[in-house]
Structure formats: C-alpha cells, structure tokens
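What follows is a short report on a single structure.
The values are calculated or read from the model by the stated rules, or taken from the named source; none is laboratory data. Owing to the predicted nature of the structure, the values given are computational and were not obtained by experimental measurement. Note: ideal-geometry Cβ built from the backbone for every residue, glycine included; neighbour counts use all protein chains shown. Note: areas computed on protein heavy atoms with side chains; ligands, DNA, RNA excluded. Shrake-Rupley method; radii C 1.70, N 1.55, O 1.52, S 1.80 Å.
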Amino acid sequence: MPDFVHKTVMAAEVLNALKPRPGGRYVDGTLGGAGHAAAILAASSPTGWLFGCDRDGIAVEAAKPRLGEKFAGRFEVRQGNFADMAGWIPAGGCDGVVLDLGVSSPQLDLAERGFSFQHEGPLDMRMDTRQSLTAADLVNGAGAEELAKIFWEFGGERESRRLARAIVEDRKRRRFETTRQLAELIERLSPRRGKKAHPATKIFQALRIAVNDEMGSLKRGLEAAVQVLKPGGRLAVITFHSLEDRVVKEFGREEARAYTFSGEVDVPELRRPRPPALKWVTRKAIRPGAEELDDNPRSRSAQLRVLGKI
Ligand SMILES: C[S@@+](CC[C@H](N)C(=O)[O-])C[C@H]1O[C@@H](n2cnc3c(N)ncnc32)[C@H](O)[C@@H]1O
C-alpha cells in the first residue's frame, strides 16, 4: 500500500481555537492522516484524551500506529461517520471537536478509490467502502432530472441539464464503469477552452457529495458535536467550498440566536425565546496564513469557523 500522507491544513489555527490542555478530552471527527489528532494529543500532553473517527477504514487503520507510537493509551479511534459520534462519545464530556471536511490526499491519489478524474479507476467515490451506493450506481441508475439536480446543487454546474441528458443518452450504449470514461464524455461536451479548471471538476465534486451524503452528514455532525461538547467547549470546522461553509454559518447563526421561530421566515411576532446553545468565537472565517498558502495549494479554499458551547 502506498504511504498514507496528507498535509494537514490550518493546524496552528485549530490548536489556537481548541486550546488543548492536559486532562482535556477532544474529538477529531475526520482523522484522515491524523495530523490534527497528533497535534491535539501533543498539545494536551501528558494526559489529554482523543476520540477519533473517519468514514474511511484505511485512514483509521493508518492512524492507529501513527498515533500509537507517541500517544499510546490516550486515544480511541474507530471507523464511522462523525454524524454518529454522539452514539459512542459520552455526552457533554468533551472540550473540543474538530471537523476538517472533504477528502484527503490519499483518497484522491489512489486511483482505485475513484475520486479523481485524473486517474483511471472505477467510478466509486465511497469514503466508507462498506456502504453500497457508488458513483457508478448514480451515473448509471439515476434519471436525468436527478443527475441534473445533483450537478447543479452540489457542483454549481451551469450545464447540469445538458450534461445529465448526455450521460443518460450515452449509457444506453454502454455502462459507465470508470472515472476516465465519464471525464472524457464531459471533456467532449464542454471543452476546456483556456479555462483553468478541468471541465469535469464540478461534476466529480457533485457526485462525491451525493454518494457520501456529505451535506446530510455535516448537518447531523454539527448537532452531534454540540451534544458531546461540555459548556465552554469549542467546535472548529474547516470547510473547502461554499456549500459546506453555508451549512456551518447557518447552523452557527441558528444556534447562537436567543429564540426560535415556527415556519420558514423569521417574523418577530412568531419568535419564541430560548437560551442560545452556541456563540461565535470569531465572527469571520479564519483563512490560512501566507506561508501555508504558499506551501500547500489545497489550503487555498480552506476556511475555519469556530463556535463555543454556552
Ligand atoms: C481533509 S481530510 C482530514 C485530514 C486530517 N485532518 C489530517 O490532519 O490529516 C478529510 C477526512 O474526513 C473524512 N470524512 C469526510 N466526511 C466524513 C464524515 N462525515 N465522517 C467521518 N469522516 C469523514 C474523509 O474520509 C477524510 O479522510
């Protein structure tokens, strides 16, 4: 197996947000290459504790020896969705939670995972390979309307309908089995014409989000994080695109309000007072510093938001 290497994004900023200390209990819901996890354990030495999970079994297996070397006896890690963390992490017991969303470099680099249009691989894209739904199932099975909706909502693809119809037409002749097969169809339909990004970028992002129900997991994960935090505990979330960031912003705004309201629209007469559950630790999203931006191109789109439990 190739080395499991992922360059951790905004580690210093996450430490500054969570302020790990000896005896503290922390959660890393997106272990990946375990960079944040190791930084939190180091900063909370000698007695800080870490609960960690990742949907990706390979990431979890790689994290165990990596963390075990220096921090044996101070962590529990499992394969699973962070949306389910409240099922195994004690409620109200944690001082900090970090979620570093999206995919890791090893996921993108391993052709057989099917996340990247740059490598020839099966159309898979499952973060958790125990799940049955794959990208191939969607591409070969979803109707044109459903595909167009995925491409538009999760990829912001302006040609969503045209591309969806073309996929449905093309698959009558043969099933889509590989990443290149799909990427080549999109290249033919939407040539690059000097644009920087590959024409399949948005389609691949959209399929990945749909296959892994990333938006649903994020909403449930934010709620679960609030459950496991103790009052005064902090939640740090790193997002990589505007859809994710919007979910975090809206969640924070809602939980920081001192009232709820019924219906879709916030009308002052329909407000019911209640104590807010969270407060913003920083009003604006935190961006990586110039040095990190230079050193790690992946950090370019990263934004960190930090909330505190009241
Ligand atoms: C950007 S990487 C995390 C990198 C990690 N922070 C580090 O320092 O190496 C994102 C990881 O989150 C995982 N992931 C994404 N959504 C998840 C979810 N809902 N539950 C658990 N893990 C998830 C992915 O499998 C991937 O390994």
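Values for this structure:
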quantity	calculated
Whichever residue in segment 132-166 is in a helix (DSSP H, G or I) and touching a Phe, Trp or Tyr at 6+ places or on another chain (Cβ under 7 Å) and, among such residues, is surrounded by the fewest Cβ atoms within 10 Å (Cβ to Cβ)	ASN140
Odd one out for ALA197 among (1) among the aliphatic types (A, V, I, L, M); (2) open to solvent by 10 Å² or more (accessible area, probe 1.4 Å); (3) more than 27 Å from SER105 (Cα to Cα); (4) free of Cβ contacts under 8 Å to residues at least 12 places away in the same chain	(3)
Matching residues in segment 1-15 - criterion: being surrounded by 15 or more Cβ atoms within 10 Å (Cβ to Cβ) and free of Cβ contacts under 8 Å to residues at least 60 places away in the same chain	ALA11, LEU15
LEU243 in contact with a strand residue (DSSP E or B) (Cβ under 9 Å, 6 or more places away or on another chain), within 22 Å of ASP100 (Cβ to Cβ) and surrounded by 18 or more Cβ atoms within 10 Å (Cβ to Cβ)	no
Long-range neighbours under 8 Å by Cβ, at least six apart or interchain, first residue under 15 Å from LYS249 (Cα atoms) and touching a residue at least 24 places away in the same chain (Cβ under 8 Å) within segment 281-294, second part of a loop (DSSP other than H, G, I, E, B) and among the hydrophobic types (A, V, I, L, M, F, W, C)	ILE286/MET10
Residue within segment 66-75 that is near the ligand (Cβ under 9 Å from one of its atoms), at pLDDT 95 or above and not aromatic (Phe, Trp, Tyr) present	no
Hits in segment 173-188 (condition: under 20 Å from GLY156 (Cβ atoms) and at pLDDT 95 or above)	LEU182, ALA183, LEU185, ILE186
THR30 being within 12 Å of the ligand (Cβ to nearest atom) and either buried (at least 21 other Cβ atoms within 10 Å of the Cβ) or not aliphatic (A, V, I, L, M) (or both)	yes
Segment 85-134: number of residues that are among the polar types (S, T, N, Q) and within 21 Å of ASP3 (Cα to Cα)	6
Subset of segment 28-62 that is more than 15 Å from the chain's Cα centre (by Cα) and among the β-branched types (Val, Ile, Thr) - its residue that is nearest to ASP109 (Cα to Cα)	ILE58
Any hit, segment 58-68, residues being more than 23 Å from ASP213 (Cβ to Cβ) and part of a loop (DSSP other than H, G, I, E, B)	no
Flag if ARG25 is more than 14 Å from the ligand (Cβ to nearest atom) and either in contact with a Lys or Arg (Cβ under 9 Å, 6 or more places away or on another chain) or free of Cβ contacts under 8 Å to residues at least 60 places away in the same chain (or both)	yes
Segment 77-123, subset open to solvent by 30 Å² or more (accessible area, probe 1.4 Å) and assigned to a strand (DSSP E or B), residue farthest from LEU15 (Cα to Cα)	PRO122
Candidates ASP213, ASP170, filtered to the one that is at pLDDT 95 or above and under 17 Å from the mean Cα position of the chain (by Cα)	ASP213
Answer residue from segment 278-310, given it is in contact with a Pro (Cβ under 7 Å, 6 or more places away or on another chain) and either open to solvent by 30 Å² or more (accessible area, probe 1.4 Å) or among the polar types (S, T, N, Q) (or both) and is nearest to LYS19 (Cα to Cα) among those	LYS309
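The rows are residues; the columns are (1) touching a helix residue (DSSP H, G or I) at 6+ places or on another chain (Cβ under 9 Å); (2) free of Cβ contacts under 8 Å to residues at least 60 places away in the same chain; (3) open to solvent by 60 Å² or more (accessible area, probe 1.4 Å).
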site	(1), (2), (3)
VAL248	yes, yes, no
ALA256	no, yes, no
VAL265	no, yes, yes
GLU269	no, yes, yes
